[in-house]
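Q: Starting off with a structure, shown below.
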Amino acid sequence: MPPVDQRVLVVGTTADYIEWIRACAPDQVLFLTEPAVRQAADEPTPFRHEEILCDLTDERQVLEVLVRHLDEWQMTLDGVACYDCESMALAARLAGVYDLPYPSLQAVNNCRDKFRCKALWRAAHLETPAARKIGSVDAATSFFRETGGPCVLKPLSGSGSEFIFRCDSERDCERYYRNIAQGMERRRNHRLYQPFAGDTPDILAEAYVDGEEYSCDFVLENDRVTVIRIARKLLFDRDPFGTAKAYILPGILPATIGTDEFKQTLSRSAMALGIRRAVCMLDFIVHDGRMVLLELAPRPGGDCLPALLRRCHALDVLPLMLDFARQKPLALHLSASHRPMVGLRLHAGQAGTLVDIEDHDLRRDPRVQEVHLMRRPGHRIQRPPEDYDAWLLGHVLFVPDPDRDVATQCRELHDKLTIKIG
C-alpha cells in the first residue's frame with residue numbers, strides 16, 4: 001500500500017496565512033477555506049489536494065466534503081489547528097469527530113461569549129471588568145448610571161475592536177447601542193456573530209478600566225504554562241476606540257506583577273474557561289499594578305504579531321501551532337532579553353478607492369526592519385464602523401530610537417507611507 005499522507009487540518013483561515021503556512025510547512029496541511037476568501041485572494045491558489053473550498057456555516061456539508069476529500073487523496077488527519085475566532089467552534093467539532101486534541105466546544109463557547117467568560121473568571125476570583133448582557137437602550141443607560149461611567153459597549157461575540165465603543169454619557173450609550181445593533185444586523189450572516197444572532201442583539205456593557213493594555217501568547221499543557229510573548233499595545237485617540245495601532249515587543253510588566261503570579265493567572269484564566277491544553281492569547285489591562293482580564297482565545301494573537309514575533313525572536317508561531325496540534329514537543333528558545341521592536345499597523349485616513357500607494361520613504365528609514373503592504377491600487381477603502389478590515393493597508397516593523405517617545409515615532413513612520421485615495 002502507498003504511504004499514508006498525514007495532514008493537519010487548518011480550519012477557516014485567511015489567504016495570507018495559508019500562503020505563509022504553505023511556504024514554511026509544505027505538504028503538511030489541508031486547508032478548509034470559505035470560497036469567498038479564495039475568490040478575493042491575491043495569493044496563489046493552493047493545489048486541489050491542499051485545500052477544500054466549502055461553506056463553513058454548513059457543518060454537515062463540511063464533514064461530507066472532508067470525508068470525500070480524505071478518501072480521494074488517501075489522506076489522514078493527525079491534528080486540527082485554528083487561527084481565527086469565527087472558526088474555532090467548527091474546529092472543535094471536527095476535532096471531536098476525528099478524536100484529535102483541541103479545546104472542547106464548551107470551552108470555545110466560554111471564550112466566545114464575553115459575558116460567560118467574565119462570569120467564569122469572577123467565579124474563579126480573577127479580576128475582570130464588571131459586565132452585564134443587555135438587550136435594549138434602557139439597559140445600556142441603566143448600566144452606565146449604576147457603574148458611574150464611563151462604560152464600554154461591544155458585541156457579545158465580537159473580535160478585536162469591531163463595534164466596540166466607549167460611552168462617556170447616557171447619550172453615548174443610546175447612540176452606540178444603536179450603532180452596534182445596526183452593525184450586527186448588517187453582519188448577521190457573518191460567522192463571527194451567527195451563533196449569537198437573534199431577534200434581540202446580544203450586546204455586552206462593561207465597566208471602563210483605565211490602564212496600559214497588553215496582549216500575551218502562552219502555552220498551557222500538562223498543567224504548566226510557557227509564555228511565548230508579552231506585547232504592550234499602543235492605542236491612539238484619533239482611531240476608533242479599542243484599535244491596537246501598534247504593539248511593542250517585549251512588553252514589560254510592572255514590578256508589582258511577579259513572574260510566578262503572572263503564570264498562575266494565565267493558567268487560571270484558561271482553566272476557568274474549561275481549557276486544559278492549548279496555545280492561548282490573553283488580552284488584559286494593568287490597572288493600579290494589577291492584571292484585569294479582558295478576553296482569551298485558544299489561538300495565537302493575530303494582526304501583525306506573528307510577523308513581529310518572527311522578526312524579533314526568530315519564532316514562527318504559525319508552524320508552531322501545527323506541531324502543537326500534532327502533540328510534538330515545542331522548541332521555544334526565546335532570548336531572555338531583546339531590544340524593543342514595534343509592529344505598527346498602517347491604516348487609511350479616509351474612505352474611497354486606493355489610487356496609489358508608495359512605501360519608498362518608509363523603507364529607507366534606518367529604524368525600519370520590514371514593511372508589508374496588503375492592498376493594491378483599486379482597493380475599495382471603508383473605515384469603521386462600516387468596515388473594520390478594508391481600512392488596514394499593512395504593517396511596518398521597526399526598532400524605535402530608545403530616547404524618543406514610541407507613539408511619536410509611530411506617527412512619523414505612518415506619515416512616510418504615501419497614499420492617494422480617489
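The values are calculated or read from the model by the stated rules, or taken from the named source; none is laboratory data. Fair warning: this is a prediction, and the values are worked out from it, not measured in the lab. Cβ: placed from backbone, ideal geometry, glycine included. Neighbour counts: every protein chain shown. All accessible areas refer to the heavy atoms of the entire protein, side chains included, with ligands and DNA or RNA removed. Shrake-Rupley method; radii C 1.70, N 1.55, O 1.52, S 1.80 Å.
Q: Kindly provide the Kirkwood hydrodynamic radius of the stretch 362-409 in Å, to one decimal, from all pairs of distinct alpha carbon atoms. Mind showing how you got there, number by number?
A: Values: mean 1/r = 0.0781 Å⁻¹.
With all distinct Cα pairs of the stretch 362-409 included, I get 12.8 Å.
Q: If you don't mind, there's one more thing I want to ask. Given the stretch 198-238 reduced to its alpha-carbon atoms as identical point scatterers, what log10 I(q)/I(0) does the Debye formula return at q = 0.21, 0.23, 0.32 Å⁻¹?
A: Values returned for q = 0.21, 0.23, 0.32 Å⁻¹ are -0.84, -0.86, -1.09.
Q: Heavy atoms only, probe 1.4 Å: what % of the accessible area of the stretch 43-131 goes to carbon and sulfur, would you let me know? Could you put the intermediate results ahead of the total?
A: Values: 2080 of 4080 Å².
Accessible surface attributable to carbon and sulfur in the stretch 43-131 totals 51 percent.
Q: What does the extension gain come out to for Arg171 and Leu373, with contour length at 0.36 nm per residue minus their alpha carbon separation? Working shown, then result.
A: Numbers: separation 202, 0.36 × 202 = 72.72 nm, distance 3.88 nm.
In short, 68.8 nm is gained.
Q: Let me ask something else about it. For the stretch 336-380, what is the convex hull volume of its Cα atoms per residue in Å³? The partial results should precede the final answer.
A: Values: hull volume 4.4 nm³, N = 45.
Taking the convex hull of the Cα positions in the stretch 336-380, it is 98 Å³ per residue.
Q: Measuring from centroid to centroid over Cα atoms, what is the spacing of the stretch 47-125 and the stretch 377-421 in Å?
A: Comparing the Cα centres of the stretch 47-125 and the stretch 377-421, I get a distance of 33 Å.
Q: Follow-up question, since we're still on this one. Beta carbons within 10 angstrom, averaged per residue: use that to sort the peptides 413-419, 221-227, highest first.
A: Order by mean packing, descending: 413-419, 221-227.
Q: Next question, about the same structure. Average projected area of the Cα convex hull of the stretch 329-422, in nm²? Could the numbers behind the result be given before it?
A: Values: hull surface 33.7 nm².
The Cα convex hull of the stretch 329-422, projected and averaged over all directions, gives 8.4 nm².
Q: Taking the mean number of other Cβ atoms within 10 Å as a proxy for protection, how do you rank 152-158, 122-128 from highest to lowest? Show your work: numbers first, answer last.
A: Working: 152-158: 22.6, 122-128: 14.6.
Result, highest mean first: 152-158, 122-128.
Q: Let me ask another. Quick check: residue separation of Leu235 and Ala124 times 0.36 nm, minus the Cα distance between them. What number comes out in nm?
A: On the way: separation 111, 0.36 × 111 = 39.96 nm, distance 2.95 nm.
Computed gain between Leu235 and Ala124 is 37.0 nm.
Q: Using heavy-atom solvent-accessible surface (probe 1.4 Å) with all chains present, what is the largest-first order of Lys328, Lys245, Lys420? It would help to have the intermediate numbers written out before the result.
A: Numbers: Lys328 95, Lys245 5, Lys420 125 Å².
Highest to lowest solvent-accessible surface, that is Lys420, Lys328, Lys245.
Q: Further question on the same structure: Springs between alpha-carbon atoms under 10 Å, Gaussian network over the chain: tell me which of Leu322, Leu373, Leu253 tops the mean-square fluctuations.
A: Leu373
Q: Could you give the size of the charge dipole of the stretch 298-422 about its Cα centre, using +1 on the Cβ of each K and R and -1 on the Cβ of each D and E, expressed in debye and rounded to the nearest 20? Kindly include the intermediate steps, with their values, before the conclusion.
A: Values: 18 positive and 17 negative charges, 71 e Å.
For this selection, approximately 340 debye.
Q: Once the Cα gyration tensor of the stretch 266-336 is diagonalised, what are the square roots of 5 times its eigenvalues, in whole Å and ordered largest first, as equivalent ellipsoid semi-axes? Walk me through the numbers on the way to the answer.
A: Values: eigenvalues 102, 60, 24 Å².
Equivalent ellipsoid semi-axes, largest first: 23, 17, 11 Å.
Q: Could I ask something else about it? Relative to 2.2 N^0.38 Å, what does the C-alpha radius of gyration of the stretch 112-235 come to as a ratio? Two decimals please. It would help to have the intermediate numbers written out before the result.
A: Numbers: Rg = 15.8 Å, N = 124, 2.2 N^0.38 = 13.7 Å.
Compactness ratio reported: 1.15.
Q: Which far-off residues, 5 or more places away or on another chain, put their amide H under 5 Å from the one on Val80, with H placed in the peptide plane?
A: Leu9
Q: Between Lys263, Lys233, Lys114, which gets the highest mean-square fluctuation from a Gaussian network model of the chain, Cα cutoff 10 Å?
A: Lys263
Q: Taking only the alpha-carbon positions of the stretch 206-320 and ignoring solvent, what does the Debye formula give for the base-10 log of I(q)/I(0) at q = 0.14, 0.20 Å⁻¹?
A: -0.57, -1.18
Q: Picking from Ile134, Leu362, Leu253, whose Cα lies most toward the positive end of the charge dipole for the chain (charges on Cβ: Lys, Arg +1; Asp, Glu -1)?
A: Most positive-ward Cα: Leu253.
Q: Going from most exposed to least, what order do Ser136, Ser269 have by accessible area with a 1.4 Å probe? Walk me through the intermediate numbers first.
A: Working: Ser136 45, Ser269 0 Å².
Highest to lowest solvent-accessible surface, that is Ser136, Ser269.
Q: Same structure, new question: Based on alpha-carbon atoms only, what is the radius of gyration of the stretch 1-145 relative to the globular estimate 2.2 N^0.38 Å? Write out the running numbers ahead of the final one.
A: Working: Rg = 19.2 Å, N = 145, 2.2 N^0.38 = 14.6 Å.
Normalised Rg, Cα atoms only: 1.32.
Q: How big is the equivalent ellipsoid of the stretch 193-274 along its three axes, where each semi-axis is √(5λ) from the Cα gyration tensor, reported in whole Å from largest to smallest?
A: Working: eigenvalues 142, 92, 30 Å².
Over the Cα atoms of the stretch 193-274, the ellipsoid semi-axes are 27, 21, 12 Å.
Q: Can you compute the radius of gyration and Dmax for the chain, using only the Cα atoms, both in Å?
A: Considering the chain through its Cα atoms, Rg and Dmax are 21.4, 71 Å.
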